[in-house]
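Undergrad: Structure in structure tokens, see below.
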Amino acid sequence: MASSSGTSSGSSMLQNSGSEEDVQVLMDQRKRKRMISNRESARRSRMRKQKHLDDLMAQMAELKKENNQIITSVNITSQHYMNVEAENSVLRAQADELSNRLQSLNEIASFLNASNGVFAAGDSSSFNEPTDSFFNPLNLSYLNQPIMASAAEMFHY
């Protein structure tokens, strides 16, 4: 009997070790599948991360390009503004000069009108009106001189 029980326990031990080996093989296969799946998932994650990084780099390059275009546009606009300001300064100086000339002409015309009235009412023989065009208020062509002003004169370049 001892031999039969020894045989049966030996046989069950073989079955146990066989099923333990099967379980171990099955666990090893699952472990390998999980490891392969994890590696594939990590590879996909690295690819997504690299694509995101590439997209950000492309966006940064595009934004730098736009920024440079905006800076160039601002510089051009600033230069135009400075040119217009310089031109406006010249025009203001010319307007002031013309205003001063007009005021002087009005004073001369007013003086001449006042003088003509005084001498016309009094003795006209005491005042002989010169024929020079300077004293003739209707002939003011000598005042038609160009006004010379430039940005260089205004700002001493």
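The values are calculated or read from the model by the stated rules, or taken from the named source; none is laboratory data. The shown structure was predicted, so the numbers you read here are calculated from the model rather than taken from an experiment. Backbone-built Cβ (ideal geometry, glycine too); neighbour counts: all protein chains shown. Side chains included, ligands, DNA and RNA excluded: accessible areas come from the protein's heavy atoms. Shrake-Rupley method; radii C 1.70, N 1.55, O 1.52, S 1.80 Å.
Undergrad: What do you reckon, is Pro146 modelled with pLDDT under 55 and open to solvent by less than 60 Å² (accessible area, probe 1.4 Å)?
TA: Criteria not met by Pro146.
Undergrad: For region 93-128, enumerate the residues that are modelled with pLDDT of 90 or more and loosely packed, with under 11 Cβ neighbours inside 10 Å.
TA: Within region 93-128, Ser99, Asn100, Gln103, Asn106, Glu107 meet the criteria.
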